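**Q** I'd like to ask some things about the structure below.
The values are calculated or read from the model by the stated rules, or taken from the named source; none is laboratory data. Remember, it's a predicted structure, so these values are computed and weren't measured experimentally. Here the Cβ positions follow ideal geometry from the backbone for every residue, glycine too, while neighbour counts run over all protein chains shown. Areas reflect the complete protein model, heavy atoms only, side chains present, ligands, DNA and RNA absent. Shrake-Rupley method; radii C 1.70, N 1.55, O 1.52, S 1.80 Å.
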Amino acid sequence: MSISITNLRQFDKVSLRDQVTRALRAAIIAGELEPGEVYSAPALGERFGVSATPVREAMLDLVREQLVTTVPNKGYRVTEVGDAELDDITELRMLIEPPLTAKATELIPAADLPELRALAQTIVAEAAAGDLVAYTEADRAFHLRILRYTGNDRAVAIIAGLRANTRLYGLARLSESGLLVESAREHNAIVDALEARDPELVAQLMRAHISHTRGQWAAGDRR
């Protein structure tokens, strides 16, 4: 599957470097860029349809996020994440995200709910299209958008970092089977609960969602 930044531009007006960074990050999380493999900036630039310069700039950000390491004179190696690390990430997300998302239930203005619903539907649409990179970035944007309503910037940064180090190797298998669309609809249910102002249900749905991320979404061959 080819990698494209075209669909990522809808989430925010950001620089080309940021667009490439987001696309690379999403590709790593989704398993489009394989763990342990070394990729050169020119080769990735060709896949993105951009020059090698914004790729190199983006890789500096991903090195700081520990998603890749620099291989002198060759390029960048995608960091491998083991099962124990994924379990730790899931445990931390379970502790932080459900209660904060529940807190956001009473803080989200009614006028903002249509935007959240549209973003949730974008996740479903990208799942249906089989664009795993755009799907992953839309999912990231949706969850962080909700958390920002709490005003806890430190928690948002922590969750963003945890999500960046998650690996969803099973997305391709789910997409091929048609089950990814069904899973993507969980985001619509979360918006329904937010609109109903039901914090307990919101927390329950978020816990189930995170559990799926570690279970069926993370399973699969590591290609």
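**Q** If you bin every alpha carbon distance in the chain into 10 Å steps from zero, what whole percent lands in each bin?
**A** 8, 34, 37, 17, 3, 0
**Q** Still on this model: In angstroms, what radius of gyration and Dmax does segment 66-107 have, counting Cα atoms only?
**A** Looking at segment 66-107, its Cα Rg and Dmax stand at 16.8, 52 Å.
**Q** A further question on this structure: Relative contact order of segment 61-209, please, whole-number percent, based on alpha carbon pairs below 8 angstrom and at least 6 residues apart.
**A** This gives 34 percent for segment 61-209.
**Q** Something else now. Tally up the carbon and sulfur contribution to the accessible surface of the chain as a whole percent, 1.4 Å probe, everything protein left in place.
**A** 50 percent
**Q** Something else about it: Out of residues 5 or more away from Val68 or on other chains, whose amide H comes under 5 Å of its own, with H placed 1.01 Å from N in the peptide plane?
**A** Residues meeting the criterion, in which the H sits 1.01 Å from N, are Val63, Thr79.
**Q** Counting only heavy atoms of protein chains, what accessible area per residue, in Å², does segment 75-208 have with a probe of 1.4 Å?
**A** 43 Å²
**Q** Would you kindly find the accessible area of Thr150, with a 1.4 Å probe and non-protein molecules such as ligands, DNA and RNA excluded, rounding to the nearest 10 Å²?
**A** That residue has around 20 Å² of solvent-accessible surface.
**Q** Then there's this: Cβ neighbours within 10 Å, averaged per peptide: list 115-128, 80-93 in order, most packed at the top.
**A** Answer by packing, highest mean first, reads 115-128, 80-93.
**Q** Still on this structure: What's the Kirkwood radius of segment 114-223 in Å, using all Cα pairs?
**A** Taking the inverse mean of 1/r over all distinct Cα pairs, segment 114-223 comes out at 14.3 Å.
**Q** Would you work out the relative contact order for segment 5-106, in percent, from Cα pairs under 8 angstrom that are 6 or more residues apart?
**A** Here the relative contact order equals 25 percent.
**Q** Here is a follow-up. With Kirkwood's inverse mean 1/r over C-alpha pairs for Rh, give me the Rg to Rh ratio of segment 68-139, two decimals please.
**A** Here the Rg-to-Rh quotient is 1.12.
**Q** Give, as a single signed number, the net charge of other residues whose beta carbon lies under 14 Å from the beta carbon of Leu113, with Lys and Arg counted +1 and Asp and Glu -1.
**A** That sum, taken over residues with Cβ under 14 Å, equals -3.
**Q** About its Cα centre, how strong a charge dipole does the chain have in debye, to the nearest 20, once Lys and Arg get +1 and Asp and Glu get -1 at the Cβ?
**A** 520 debye
**Q** Which of the DSSP-defined H helices in the chain satisfy a minimum axial length of 15 Å, computed from C-alpha atoms, and a minimum mean Kyte-Doolittle hydropathy of -1.0?
**A** 16-30, 52-64, 83-104, 113-129, 132-148, 153-164, 199-214
**Q** Between beta-carbons, use under 15 Å as the cut-off and find the net charge around Arg207, counting Lys and Arg +1, Asp and Glu -1.
**A** Value of the local net charge: -2.
**Q** While we're on this one: Give me the net charge of Asp61's neighbourhood, meaning all other residues with Cβ under 14 Å from the Cβ of Asp61; Lys, Arg count +1, Asp, Glu -1.
**A** Local net charge: +2.
**Q** While we're on this one: Taking a cut-off of 15 Å, what percent of all Cα-Cα pairs in segment 26-86 are separated by more than that?
**A** 49 percent
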